Amino acid sequence: MALDEILKKIRTELNLTQEQLARDLNVSFSTLNRWENSHTMPSRLARMRMLDYCTKNGVSAEIISELERAK
């Protein structure tokens, strides 16, 4: 699964807007929006933060697994 789809699934599962998820990940809204629209890719550090965030906030194991494999 592509990273943009994974980010949307995370937001849907946690019932968050792009603004809320961006704030929680400590990135700007425009950065998260570019990730979700496949204009840019998150850095390795940002992906690690996403994994940590998902684990701490009860995102399903399936989505976490997809996030770990995403390129």
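Values in this text are rule-based calculations from the coordinates and carry no lab data. Note that the structure is a prediction, hence the values are computed from the model and not measured. Counting neighbours? That spans all protein chains shown, and the Cβs are built from the backbone with ideal geometry, glycine included.
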I'd like the full set of residues that are of a type in the set (D, E, K, R) and under 16 Å from Thr12 (Cα atoms), limited to segment 30-55. Glu36
Picked from segment 26-64 (must be touching a residue at least 40 places away in the same chain (Cβ under 8 Å) and crowded, with 17+ Cβ neighbours inside 10 Å), the residue nearest to the chain's Cα centre (by Cα) is Met50
